[in-house]
Amino acid sequence: MRAGRPSDLSALAELWSTEVHEGRRDSVPRLVELQRVLAQFDWEAQSRVVDDGPTGMAGAVVVTSRTTAEGTFARLDPAVAGKEPARVMRELVRWGMGLARAAGAASAQVWVGPGSRDVLKACGLDMVRPWWRMDRTLSIAPPPPEMVAGYELIDASQLPPGVWADMHNRSFADHWRFSPRSEDELMTGKEPGLCLMAVVAGSRDPAALTLCQVETYTDDRRPQPVGLISSVGTLPEHRRRGLARWLVAEGLRRLRMAGARHASLYVDGMSQFRAFDTYRKLGFELAFETEVWEATFP
């Protein structure tokens, strides 16, 4: 096992694509998007690679972290292929957990597709959450948006910069393992017309938001491009009024007009708000279940 290098990214993307084909990973962003996201990543300190001969990669793990009100949570992203995948996975996960513990993290999480239960249990992790990708086709028109009385719908072209992070963070503050997001994280590269907010009629006080974008994924079975609904959040005092359904339906309509052939969103499979019920009413069905495994450190 050796430290990772920036030059490993292409081989790592191929490894991730292999996992997608084998049903062990949800999807892989395009290489150019991975390069953007990992531009400041410290490969030597935060990744490890297991080589398989002079040119192959048997496995790799990258470790990132986020700060929450409960402390810092490390996220391990292991990938394996070839011979002895269980042994390689175990080595990579144990290294990542050691790094997380040494850095003072409150816990380490591993988000993986099915098939790694025995290895992760042996490493001291417990499965704490299913995380669902829900899909629907856009080859047929989605249900029409149903306006909610007392509210107006506007998009990012009608709002000043800087309001989205505050609104997002207040909407998700009571969700599981919430960590605040910055305006750049949420809005970089997004089309203003695909970023929607419900506001109170008259006062225009924010009430709910939905962020959408059109993405193209490599080696993916979904018809491309995909309309991704990346955030759906409502402030507590405005919940249970139909705002999420209205915003998602309008987002689907706009994504279809923007050329998306398929739509996907992600939701906590144990959501106390049962958001998945709303999505099912809009034609979404469970397409992939990621398992969230976690170990907490004393």
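The values are calculated or read from the model by the stated rules, or taken from the named source; none is laboratory data. Bear in mind that the values here come from a model prediction, so they are computed numbers and not experimental data. Every residue, glycine among them, receives a Cβ derived from its backbone with ideal geometry; neighbour counts consider all protein chains shown. Surface areas here come from the heavy atoms of the whole protein model, side chains and all, with no ligands, DNA or RNA. Shrake-Rupley method; radii C 1.70, N 1.55, O 1.52, S 1.80 Å.
Taking the stretch 1-63 as the region of interest, the helices (runs of 4 or more DSSP H) fully inside it that hold 2 or more residues being within 22 Å of Arg90 (Cα to Cα) and under 23 Å from the mean Cα position of the chain (by Cα) are 9-21, 43-46.
Every listed requirement among (1) in a loop (DSSP other than H, G, I, E, B); (2) over 17 Å from the mean Cα position of the chain (by Cα) is met by Arg280 save one, (1).
Each row is one residue, and each column tells you yes or no for (1) touching a strand residue (DSSP E or B) at 6+ places or on another chain (Cβ under 6 Å); (2) under 19 Å from Arg2 (Cα atoms); (3) open to solvent by less than 60 Å² (accessible area, probe 1.4 Å).
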{"residue": "Arg36", "(1), (2), (3)": "no, no, no"}
{"residue": "Asp42", "(1), (2), (3)": "no, yes, no"}
{"residue": "Gly59", "(1), (2), (3)": "yes, yes, yes"}
{"residue": "Ser65", "(1), (2), (3)": "yes, no, no"}
{"residue": "Thr68", "(1), (2), (3)": "no, no, yes"}
{"residue": "Phe73", "(1), (2), (3)": "yes, no, yes"}
{"residue": "Asp77", "(1), (2), (3)": "yes, yes, yes"}
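Restricting the stretch 184-207 to residues that are without any contact (Cβ under 8 Å) to a residue 40 or more places away in the chain and closer than 14 Å to Arg254 by Cβ, which is surrounded by the most Cβ atoms within 10 Å (Cβ to Cβ)? Among those residues, the one meeting the criterion is Lys190.
Residue-by-condition table, conditions (1) touching a residue at least 60 places away in the same chain (Cβ under 8 Å); (2) within 24 Å of Gln46 (Cα to Cα); (3) open to solvent by less than 40 Å² (accessible area, probe 1.4 Å); (4) of a type in the set (D, E, K, R):
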site: Ala81; (1), (2), (3), (4): yes, yes, yes, no
site: Val88; (1), (2), (3), (4): no, yes, yes, no
site: Ala122; (1), (2), (3), (4): no, yes, no, no
site: Pro130; (1), (2), (3), (4): yes, no, yes, no
site: Asp135; (1), (2), (3), (4): yes, no, yes, yes
site: Pro142; (1), (2), (3), (4): yes, no, yes, no
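Specify the residue that is least open to solvent (accessible area, probe 1.4 Å); the eligible residues are those in the stretch 149-183 that are within 20 Å of Val292 (Cβ to Cβ) and touching a Ser or Thr at 6+ places or on another chain (Cβ under 7 Å). Across the stretch 149-183, the extreme among qualifying residues is Ser179.
The residues of the stretch 64-95 that are within 22 Å of the chain's Cα centre (by Cα), farther than 18 Å from Arg181 by Cβ and among the β-branched types (Val, Ile, Thr), listed by number, are Val80, Val93.
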